[in-house]
Amino acid sequence: MTVLSSQTFPKITLIWLMLPLALVACSKKEQAVTASVSNGAAVSALTDDEKVLNVYNWSDYIAEDTVKNFEAKYGIKVNYDVFDSNELVETKMLSGSSGYDIVVPSSQFMERQVKAGVFAKLDKLLLPNLSNLDPTTVKQVAMYDPNNEHAVPYMWSTDGIGYNVDKVKQFAPDAPLDSWALIFDPKYAAKLKDCGISILDTASDIRSIVLLYLGKDPNSQSPEDLKLVEAQLMKIRPFVRKINSSQYIEDLANGDLCVAIGYNGDVLQARDRAFEAKNGINIAYVIPKEGSIVTIDTMVIPADAKHQKNAHLFMNYLMEPEVAAANSNKVNYANGNIASEKFLNESVKNDPAVYPTAEIKAKLTPELSIADEYNRLLTRTWTRFQTGK
Amino acid sequence: MSEPSSAQLTTSRRLRSGARGRMAVVAVPYLWLLLFFLIPFLIVLKISFSTTQLSMPPYQPLVQWTGEQLNQLRLNINPGNFLYLWQDGLYAQAFLNSIKVAAIATFITLLIGYPMAYAIARSSIKWRGVLMMMVILPFWTSFLLRVYAWIGILKNNGLLNNLLLWLGVIDEPLVILQTNFAVYLGIVYSYLPFMIMPLYATLEKMDLTLLEAANDLGCRPLRTFLTITVPLSMPGIVAGCMLVFIPAVGEFVIPSLLGPPDSLMIGKVLWTEFFNNRDWPVASAVAIALLLLLVIPIVLFQRAQARAAESE
């Protein structure tokens, strides 16, 4: 169901008024010609000849009916693919000819890819809904993409701890629930070993978090600091069951895990799944007091994308207040869309796990991109951590 | 000597065109190798001597024009990638571990596959087709899906654990998924048909009168099996083991889906180089080194075997 809001209604009337004109303009092609009104009256054909759009987004990162509604509204067939690691996306982008028209990398990866010249510059005339965005978020994205030329924020997430409330109480009653010590202090990790600890398979995130736990700069790229991180990680390695970035959602929901370092929305999805399954499992999410990192995922269009107009159209659609709100309501991730706030469920808007309080927000650091040399050291450290050798 | 008759001429012409036809037939597999092995190999070899840079593709071209004129070429050859493999113990360790896992898995596959192939080869002709069909049938489902299915079977509250709990065999779910056992299980399950097929082919062609003769001369069944059946099926055993061992060494999907996070296999190392380090040159160097260390000894071994078989 598409609800016509007061904002979209006049636009549609305008399309009907312009349709005869447009049909005269291109009588041969049966394009769906729509009009975009931005700064007066710039009119253009909004879709490509081929009504196809290839989207590459994170897994579990959109409401079920968003794509269906978009297809119905614009008559464009959407091929929707998902991934669960930034590294995979980067490799596909750098190889070129990925075939995708819209990709959603995290900003610290997007920064490198922009430098490599992978993405097309956005045509902002085709994105009138940019005005719905939160200027703070837009400014944050500009840290990675100067002048916001290539990327538009989609949603943002925090890293934190998802835990099984009753099991943690049972296995480690004395463990602090508001500190990274719950996982990084071997004293507590040892107790939680048998009910299961899972850690995100993302070297850069975990290294920032351990640095925060050790009271260091989370964006430090010094090899000495990295050694400290490794030493800390090795202490808890024997107690870690899984190092994975997507399986923990299901495992937490089923009670196969006790604690997981994960993204807020994923943990909350686990909470909701457990709630729906009525299996008595109670999942909570916390951003520890030492602070954590915040990641903005951004929508970009590869320079070699074949359906760039369709991609702009989809981007703009995702920035519709109702659509952005529906996505956040479903996946429990905060969007950077101010206009969507009034459509958000109260439970989502007021959930500090989704929209952190000002006090916690102050402790969140954006992750910066990493130099190649440091990256190699980091990956090597990560392999040693994974293998425990 | 008289002039060659017209009949002789046509025969020689026919022979010549026959030779040409044979050439054409032989050329097809060579062309195939050239297109799908040699050219990709050369591309990988080229990348392995390059250096990473942030661009698309993410490595420096080997040959670079530095100016407008033709003579201003620069060669960027970097042998450091291979040196790096040698200096960092990770690669040797991953390689040896992969060989170990593949060898154990191949051995188990042989132990399971041999009796199956033997039974199929000795069953009535009517049944053989059906049984072989059943061996091949799993290929109709995607490999990835079949490995995923094992996750559903092995996980803590999966099929197997629930069955065992229900039967009262165990009280606590067994941790099978994400262990080395699950990796062996996955490899043996996935590659079993590759073992059975060549074994079946040799066992089925075996001359059964030899067994009768041995029996008539008073040889015990076990001895007959060890001195006649096993040596005669040797080509099948070698072929089956190769077909299982070689892909198992580079296996990535099974250890990453079913294995523990600490299983270090060369496929995983390649993935890390490629995706996490974004270092295509080192990744290519790993691939080249793997090829040299693994495929060449195997090819030599097979040659020696073929020569030994000819001289017999």
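The values are calculated or read from the model by the stated rules, or taken from the named source; none is laboratory data. Remember, it's a predicted structure, so these values are computed and weren't measured experimentally. Methodologically, a virtual Cβ is constructed for each residue, glycine included, from the backbone with ideal geometry; neighbour enumeration extends over all protein chains shown. These area figures cover heavy atoms from the full protein model, side chains too; ligands, DNA and RNA do not enter into them. Shrake-Rupley method; radii C 1.70, N 1.55, O 1.52, S 1.80 Å.
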Please list, or write none, the lysines whose alpha carbon is within less than 25 Å of the alpha carbon of A:LYS289, excluding same-chain residues fewer than 8 places away. A:LYS167, A:LYS169, A:LYS187, A:LYS191, A:LYS193, A:LYS216, A:LYS227, A:LYS235, A:LYS242, A:LYS349, A:LYS361, A:LYS363
Of all lysine pairs in the stretch B:86-311 that are eight or more residues apart or on different chains, those with Cα atoms under 27 Å apart total 4
Two pseudo-spin positions, 7 Å from Cα along C-beta at A:ASP272 and at B:LEU145, lie apart in nanometres by 2.9 nm
Determine which aspartates and glutamates satisfy two conditions relative to A:LYS115: a Cα distance under 15 Å, and not lying fewer than 8 residues away in the same chain. A:GLU90, A:ASP145, A:GLU149, A:ASP372
Given +1 on the Cβ of Lys and Arg, -1 on the Cβ of Asp and Glu, and no further charges, what dipole in debye does the protein assembly as shown carry about its Cα centre, rounded to the nearest 20? 1880 debye
If you line up the long axis of helix A:372-387 against the longest principal axis of chain A, both from Cα atoms, how many degrees apart are they, to the nearest 10? 50 degrees
Calculated FRET efficiency, B:THR179 and B:MET133, Cβ-Cβ r, R0 45 Å, to nearest 0.05? 0.85
For the stretch B:86-311, what is the charge dipole size about the Cα centre, in debye to the nearest 20, if Lys and Arg each add +1 at the Cβ and Asp and Glu each add -1 at the Cβ? 420 debye
With all protein chains present, calculate the accessible area of B:ASP171 using a 1.4 Å probe and round the result to the nearest 10 Å². 140 Å²
Listed residue (B:THR224, B:LEU165, B:ALA182) projecting farthest to the positive dipole end of the stretch B:86-311, Cβ model: B:THR224
Mean separation of Cα contacts under 8 Å (6+ apart) over length of the stretch B:86-311, as relative contact order %: 29 percent
For A:GLU224 and B:LEU300, FRET efficiency with R0 = 56 Å and r from the beta-carbon atoms, rounded to 0.05? 0.70
Folded to 0 to 90 degrees: helix A:321-331 orientation relative to chain A principal axis, Cα: 30 degrees
Cβ-based charge dipole, the protein assembly as shown, positive-most Cα from B:ASN78, A:THR91, A:PRO352: B:ASN78
Where does the charge balance sit around A:GLN113 when Lys and Arg score +1, Asp and Glu -1, over other residues with C-beta under 14 Å from its C-beta? -3
Rounded Å value of the spacing that divides the Cα centres of the stretch B:233-312 and the stretch B:84-141: 13 Å
Need one value: the accessible area of B:THR52 in square angstrom, 1.4 angstrom probe, rounded to the nearest 10. 50 Å²
State, to one decimal in nm, how far the label point of A:ASP49 lies from the label point of B:TYR30, with both points 7 Å from Cα in the Cβ direction. 4.4 nm
For the pair B:LYS126 and A:GLU341, what calculated FRET efficiency results from E = 1/(1 + (r/R0)^6), where r is the Cβ-Cβ distance and R0 = 56 Å, to the nearest 0.05? 0.15
Along the dipole axis of chain A (charges at Cβ: +1 for Lys and Arg, -1 for Asp and Glu; origin at the Cα centre), the most positive-end residue among A:ILE183, A:VAL267, A:ASN279 is A:ILE183
The stretch B:174-199: which residues show an accessible-area loss of 40 Å² or more, assembly versus chain alone, 1.4 Å probe? B:GLN178
Could you order B:TRP150, B:TRP140, A:TRP156 so the one with the most accessible surface comes first? Probe is 1.4 Å. B:TRP140, B:TRP150, A:TRP156
Please work out the Cα center distance from the stretch A:111-189 to the stretch A:228-269, rounded to the nearest Å. 17 Å
Which of these, B:VAL26, B:VAL130, B:VAL299, has the largest mean-square fluctuation under a Gaussian network model of chain B (Cα springs below 10 Å)? B:VAL26
Rough spin-label spacing in nm, given labels placed 7 Å along Cα→Cβ, for A:ALA284 and A:ALA358: 2.5 nm
With every protein chain left in place, what is the accessible area of A:HIS307 in Å² (1.4 Å probe, nearest 10)? 10 Å²
Counting Lys and Arg as +1 and Asp and Glu as -1, what is the net charge of the other residues whose Cβ lies under 10 Å from the Cβ of A:ALA334? -1
